[in-house]
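What follows is a short report on a single structure.
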Amino acid sequence: MLRCVRTTIRLDDNLLAQAKAEAARSGRTLTAVIEDALRAAFGRPTDVLRKRVDLPTFKGNGALPKVDLDSTAALLDLMDDAAP
């Protein structure tokens, strides 16, 4: 049995517009377009998608107060709150 789950994702505005346009052009739902894109992405070898990146490191006192580096959602919320 196929189980569907609702979730919230954040997409770049231009990427979302492209996905909606593709859905309208192809007569599919936005969900179907996103599912197909994910299936195509997961079908590719991971070595093609990921390259090693060396990030610079700096001395300091660690993360700022209230910053939980283990929680992507919390980081995004902090960045949204700090946006002008």
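The values are calculated or read from the model by the stated rules, or taken from the named source; none is laboratory data. These numbers come from a predicted model, not from an experiment. Quick reminder, even Gly has a Cβ in these numbers, built from the backbone with ideal geometry, and neighbours come from all protein chains shown.
Within the set of pairs 6 or more residues apart or between chains, which connect a residue that is at positive phi inside region 54-69 to a residue that is surrounded by 10 or more Cβ atoms within 10 Å (Cβ to Cβ) and modelled with pLDDT of 75 or more with Cβ atoms less than 9 Å apart? Sorted first by the residue in region 54-69, then by its partner, the pairs are 66/74; 66/78. Restricted to region 1-33, and to residues that are of a type in the set (S, T, N, Q) and in a helix (DSSP H, G or I), which residue is farthest from residue 76 (Cα to Cα)? Once the filter is applied, the top-ranked residue is 26. Hey, among the residues in region 34-54 that are assigned to a loop (DSSP other than H, G, I, E, B) and modelled with pLDDT under 80, which one's farthest from residue 4 (Cα to Cα)? If we take residues in region 34-54 being assigned to a loop (DSSP other than H, G, I, E, B) and modelled with pLDDT under 80, then 52 is farthest from residue 4 (Cα to Cα).
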